[in-house]
Amino acid sequence: MEVALNDVMRRLAREVRVPGFRPGKVPRKVIEARMGGVGAVRGEALRDALPDFYAKAVIETDVDPIDQPDIEITAGEESGPVTFEAIVEVRPEIDLIGYQGLVVELPSLEVTDEEVDEQIDRLRATSGEMADVERPIVEKDQVTIDIVGTRIMADAGEDADGSEAEGEDATDDDGADQDLRAEDFLYQVGSATVLPELDEHLLGKAVGDEATFVSDIAPGEQATFVVTVKGIKELVLPQADDAWAAEASEFETVEALRADLAGRLAERRLMGARLALQQKTIDALVELVNDEVPPQMVDMELRERIHDLNHRLEAQGMSVGQFLGATGRTEEDFLAELRVGAEQSVKADLALRALAEAEGLEISDEELDEELAAMGERLGLDAVAVRGQLEQAGRLSTVRSDRRKAKAMTWLTEHVELVDENGAPVDRAALQDNDEEDGE
């Protein structure tokens, strides 16, 4: 407490202005009198020092608080050693049952011939040509159409009170604003880019045919559309032979091109499976958490997510309002969505801690030193400096805890049962990097 008193006295000596004394040279007795006595100065020192006292007590007792403490000084408020009592809600420990038998479904790693054929067709389409056809329309055809839409007007024959209106036409005088018209309009059938009903009414039609249908054009507003087919073209693809492969790619044969495409698809599937393994494993673990999570933890996680989002949007020169407008969501819906994610994150935190406890997973001093060294490398500091800063901030235990949760996650991904969409076992070794295999 004496250290805290001396610190307060030094600060007050700089801040208090007393006639006849230079800043920093005001005697202690004068400061005490100016502040209202020795007790007032001691109270100031207690207010300054109490957060540090509490932080040290948290570290010494290995308590894991999740909220602000309610602190009451029980002795030493006026003189002598200071003792206090702090009541704070701590992170709960949950019962995790069933984690040993988790099954995670991953996308299949197998690349089929049909998938390679699709990639080949995409390449062929880049050098294909449109040709007129005389058959009925099928999906992906390019058609030329005339389309005329007329708004369906409300019944003008009655007034609002239900009585008939006399001498009034149901349409505007010129009627131009009621027509939606396009001539020689090019449209790819199946793209669903104009009207929801257009594709289904075009399929099977031939040149010269008409289609009539009603479609919504605005909330509470409809129009009748008449579509006339004037031309039908299809994309004619080049023959997938060696000559085409040599011209369209770096490979001399179709066989070599197919092998390359298959390899790329396999790499993509492998990457997707690895990402899915992490996410689906944690999702399966969270499903085991039936306990109610503390709202303080959810609120804290939600604030962090909002802060991170604001930071990312600012880096892109975008405001939250612009982001919501671009994504078509309201602020209330977006916050509700973020809260669901925050609650899932809190459950994952509690579940991984419980798993680490159940399996006796701990972080050794050597592992902690490795983590500090890695942090120091990223920050341009040595491990000793990083440790000192973390200890001063009271966050060294957080680093150890995060590393412990990461170890629990690794343990879990190594022990869950892996199956594909058909329920067939997935070879875990196939998910490893070649570098990992070489290292082993």
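The values are calculated or read from the model by the stated rules, or taken from the named source; none is laboratory data. What you see is a predicted model; the values in this text were computed from it and never measured. All Cβ positions, even for glycine, are placed from backbone atoms using ideal geometry, and neighbour counts span all protein chains on display.
Say we look at region 106-129 and pick out the residues that are crowded, with 17+ Cβ neighbours inside 10 Å and assigned to a helix (DSSP H, G or I); which of these is nearest to the chain's Cα centre (by Cα)?
Q119
Does G376 meet the test of being over 16 Å from the mean Cα position of the chain (by Cα), assigned to a loop (DSSP other than H, G, I, E, B) and either in the same structural domain as A408 (by TED's automatic domain parsing) or basic (K, R) (or both)?
For G376, the condition - over 16 Å from the mean Cα position of the chain (by Cα), assigned to a loop (DSSP other than H, G, I, E, B) and either in the same structural domain as A408 (by TED's automatic domain parsing) or basic (K, R) (or both) - is not met.
Condition first: closer than 14 Å to R403 by Cα, among the acidic types (D, E) and buried (at least 16 other Cβ atoms within 10 Å of the Cβ). Now tell me which residues in region 330-357 satisfy that.
D349 - this is the single residue of region 330-357 that is closer than 14 Å to R403 by Cα, among the acidic types (D, E) and buried (at least 16 other Cβ atoms within 10 Å of the Cβ).
Determine which member of the set V298, V227 is closer than 30 Å to L335 by Cβ, in contact (Cβ under 8 Å) with a residue 12 or more places away in the chain and in contact with a helix residue (DSSP H, G or I) (Cβ under 7 Å, 6 or more places away or on another chain).
Of the residues listed, the single one that is closer than 30 Å to L335 by Cβ, in contact (Cβ under 8 Å) with a residue 12 or more places away in the chain and in contact with a helix residue (DSSP H, G or I) (Cβ under 7 Å, 6 or more places away or on another chain) is V298.
When the residues of region 370-386 are filtered to those that are within 20 Å of K407 (Cα to Cα) and charged (D, E, K, R), which remaining residue is surrounded by the most Cβ atoms within 10 Å (Cβ to Cβ)?
That would be E371.
Does region 234-247 include one or more residues that are surrounded by 15 or more Cβ atoms within 10 Å (Cβ to Cβ), at pLDDT 90 or above, over 22 Å from Q142 (Cβ atoms) and in the same structural domain as P136 (by TED's automatic domain parsing)?
no
Considering only residues that are loosely packed, with under 15 Cβ neighbours inside 10 Å, over 24 Å from the mean Cα position of the chain (by Cα) and closer than 29 Å to R269 by Cα, which ones fall in region 387-414?
E414
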